[in-house]
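Inspection log for the structure reproduced underneath, given as structure tokens.
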Amino acid sequence: MAKTVEIIGPSGSGKSSVYHQLRANWKEEYNWVPYDDLSRSRKQMRKRYLRKALKLFTDRLPIGEQSQNNTLANDEWKFINHDNRIFLNDENAEFKKAIMDLVEEHCKKWYDGSDKRFVTIHMIMWSIAHIDRVMSARNDNRYCILKQGEGFLSRIMHLNSPSFNEKALNKYLEHLLFPDVLIFLDVPVDEILKRIKNRDRLATLHKDMDDEAIRHYSEQTIHFFKMAMGVAKEKGVDVYGVNAGENLEETTSQILDILSKK
């Protein structure tokens, strides 16, 4: 089974650019492989893992005041797909239940006041699909670079809300499936804010947030990531910090050096 490499960092740290740069540098003989080159096509994955699973979500999504009835935490539609498979197998039931509880508790109200439960579950389903795909590559022992923001640790960005705190984070990390290698893109908050402002399109995470809210959100995300890195180290994960505040080529070079030593 392929091993997983997750690259984390707050929105604006350059995860997408780094991933695409790594793909551009990849050669088949390497002991690592980008997710896109391990998996089938994105279209097939989307159809197989998401379409019917998301229909379960939309059919049961609370409307208006009905959101108080905890429908989203209903066990009858936990992460089951249409091919009679349970995502990540039954032994991860506690992790999946923890996700549902955290989403229900902390994603009802986002920084702009909107309900982010459905969006957060959607993103977590993407992560489950990606990890499930890597786990199914049973005859491949290379290190697989997960796509930008698609690992479970990256979903801390989507759980992070005005009510999310260290206690909630520890609950998430308690049963988490950690990657084999974790790489943190270390970028100063001021640089992150500058990159966000220079983007052509505002990320969904930052929608309707003013500069102060984006700064607070980014600082909190970095804080939670660093806590998660500490827990990952305790669990035997190879954890690295990479200076991603300079230029893309230098950042990519640092990561390539890490991968070459695996």
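The values are calculated or read from the model by the stated rules, or taken from the named source; none is laboratory data. From a predicted model like this one, the values you see are computed outputs, not experimental measurements. Ideal geometry is used to build each Cβ from the backbone, glycine not excepted, and the neighbour counts take in all protein chains shown.
When segment 124-144 is filtered for residues that are without any contact (Cβ under 8 Å) to a residue 60 or more places away in the chain and crowded, with 20+ Cβ neighbours inside 10 Å, the ones remaining, listed by number, are Ile124, Ser127. Pairs meeting the criteria (first residue in segment 234-262 and in contact (Cβ under 8 Å) with a residue 24 or more places away in the chain, second residue of a type in the set (Phe, Trp, Tyr), beta carbons under 6 Å, at least 6 apart or on different chains) are Lys235/Phe178; Val237/Phe178; Gly241/Phe184; Ile258/Tyr240; Leu259/Trp32; Lys262/Tyr143. When residues in segment 170-191 are screened for being farther than 20 Å from Thr4 by Cβ and surrounded by 15 or more Cβ atoms within 10 Å (Cβ to Cβ), 5 of them pass. Out of the residues in segment 192-233 that are small (Gly, Ala, Ser) and surrounded by fewer than 16 Cβ atoms within 10 Å (Cβ to Cβ), state the one that is nearest to Gly12 (Cα to Cα). Among those that are small (Gly, Ala, Ser) and surrounded by fewer than 16 Cβ atoms within 10 Å (Cβ to Cβ), it is Ala203. Against the numbered list (1) more than 17 Å from Phe224 (Cβ to Cβ); (2) part of a helix (DSSP H, G or I); (3) among the charged types (D, E, K, R), Asp140 comes up short only at (2).
Please indicate, with yes or no, whether at least one residue in segment 211-226 is among the small types (Gly, Ala, Ser) and not in a helix (DSSP H, G or I). No, segment 211-226 has no match at all.
So which residues in segment 239-252 are surrounded by 14 or more Cβ atoms within 10 Å (Cβ to Cβ) and over 21 Å from Met157 (Cα atoms), if there are any at all? Thr251, Thr252, listed by residue number. Across segment 180-189, the number of residues qualifying as at pLDDT 95 or above and either small (Gly, Ala, Ser) or in a loop (DSSP other than H, G, I, E, B) (or both) comes to 1. Restricted to segment 161-191, and to residues there that are β-branched (Val, Ile, Thr) and touching an Asp or Glu at 6+ places or on another chain (Cβ under 8 Å), the residue that is farthest from Ile8 (Cα to Cα) is Val189.
Is it the case that Lys109 is free of Cβ contacts under 8 Å to residues at least 40 places away in the same chain and out of contact with any helix residue (DSSP H, G or I) (no Cβ under 8 Å at 6 or more places or on another chain)? When the stated conditions are applied, Lys109 does not pass them.
Candidates are the residues of segment 145-169 that are over 12 Å from the mean Cα position of the chain (by Cα) and assigned to a helix (DSSP H, G or I); the one that is surrounded by the fewest Cβ atoms within 10 Å (Cβ to Cβ) is Lys167.
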